Number of protein chains: 2
Amino acid sequence: MMKQGVNVMPDRNCRGRPWLHGKFKGCGYRLTMGREAILGVLSKHAGHLSAEDIYMKVHPGHPNVGLTTIYRTLDVLSNLGLVYKLDFGEGRARYELAQGPKGAHHHHHLVCTGCNKIIDYTDFIDEEVELLKETERGLSRKYDFNITNHIIQFYGLCEKCKGKK
Amino acid sequence: MMKQGVNVMPDRNCRGRPWLHGKFKGCGYRLTMGREAILGVLSKHAGHLSAEDIYMKVHPGHPNVGLTTIYRTLDVLSNLGLVYKLDFGEGRARYELAQGPKGAHHHHHLVCTGCNKIIDYTDFIDEEVELLKETERGLSRKYDFNITNHIIQFYGLCEKCKGKK
DNA sequence: CTGTTATTGGAAACCATTTTCATTATAAAA
DNA sequence: TTTTATAATGAAAATGGTTTCCAATAACAG
Ligand SMILES: [Mn+2]
Ligand SMILES: [Mn+2]
Ligand SMILES: [Zn+2]
Ligand SMILES: [Zn+2]
């Protein structure tokens, strides 16, 4: 019912997510109502949302935004590097903001194969980062590869699921 | 047109893949023609085969084995831990023998996002294994998780693809 | 061999994601 | 503000890997 229009005021009013606006405009993308709604959902809720999760959260306030637009927008965001597309082997992709407004950073995942619970972890990241850099350097040299990205996921059973047989 | 029947001789004759036979029988699975053919393809060709890849390799010798059986058998093998089901983000699963007959071991993957080339690497695995163990121990304790598995993949451009703009 | 039942092939179903295309809305120009 | 070019959209249909169904078949214990 309100705040559905594009923000018409000058740039200094872009508190909240200035970079998103900038990226969009700067790359020739139009900042639409649907896209703003999707960005809103992504920044409001902690990550790991599926396209349909996002659709269902956007829908109440924007019943005219279709699932197709969710997919298309996530694709754009993903290509812009603003969103990570994640695969936890469930047969559907999940998405999370590359950097939360309050500065969430790169992290890896712990996935429970029992209940699909997903834990973000940044612990041990110091040692990991060190070895990762070393490994990437070695692999790049050895295989003449230009490494841009990596996936590290640990699978197992969470404290609840490890009890059940 | 030969060796299509189940091996009727006693167990010492199971040269080649004794464990596979043993696992199958031991778990109550029947060792069928189709399953043997699939195992044959998996052990003959280096990993990273899709279900359809396998189907096409099995088909000439066994035109009566359907794609459905390929999927079902891969599922069984995967649950028995004899085969790894891999996902390189192509929208289809790929499979590789957990342990090749000549003793191929656990390894990680380097994936080219340009041409989908996949490189197995075991280099640097000493340091990786060390850190992995340490990380797993820490994560297990901190999150009360029972870690059974991990995925580590590096993405980038291979020497051929990094040239193209 | 025979009987039990795990396994099979083929067709249909499934289901997340993509494509198509006519319509609409954004943002720049006038 | 009005006009204009075209990026973006929604709905429906298509796609494509994987699963499910089910009647027919084959593995193998006895
Ligand atoms: Mn996360
Ligand atoms: Mn491999
Ligand atoms: Zn769990
Ligand atoms: Zn390549």
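Computed from the coordinates by the stated procedures, all read-outs in this text should not be read as laboratory data. What you see is a predicted model, and the numbers here were worked out from it, not measured in a lab. Glycine gets a Cβ as well: all are built from the backbone with ideal geometry, and neighbour counts include every protein chain shown.
Applying the Karplus relation 6.51 cos²θ - 1.76 cosθ + 1.60 with θ = phi - 60° to the stretch A:105-121 yields 3J(HN,Hα) values of 10, 3, 8, 10, 10, 10, 10, 7, 7, x, 10, 6, 4, 10, 10, 7, 10 Hz, where x marks Gly and Pro. Counting neighbouring Cβ atoms within 10 Å and putting the fewest first, the residues A:137, A:30, B:35 line up as A:30, A:137, B:35. Output the pairs from A:23/B:160; A:25/A:57; A:117/A:160; B:117/B:164 with a Cα-Cα distance over 19 Å in this structure; if there are none, say none. The pairs that break the limit, which is 19 Å between Cα atoms, are A:23/B:160; A:25/A:57. Our coupling estimate for the stretch A:47-52, obtained by passing each phi through the Karplus curve with A = 6.51, B = -1.76, C = 1.60 and θ = phi - 60°, is x, 6, 9, 7, 4, 6 Hz, Gly and Pro reported as x. Across the stretch B:140-150, coupling constants 3J(HN,Hα) worked out from phi with the 6.51/-1.76/1.60 Karplus curve, θ = phi - 60°, read 4, 5, 4, 10, 6, 10, 9, 7, 10, 6, 8 Hz, and Gly and Pro carry x.
Sort A:88, A:145 so that the residue with the fewest other Cβ atoms within 10 Å of its own Cβ comes first and the one with the most comes last. Starting with the residue having the fewest Cβ neighbours, the order is A:88, A:145.
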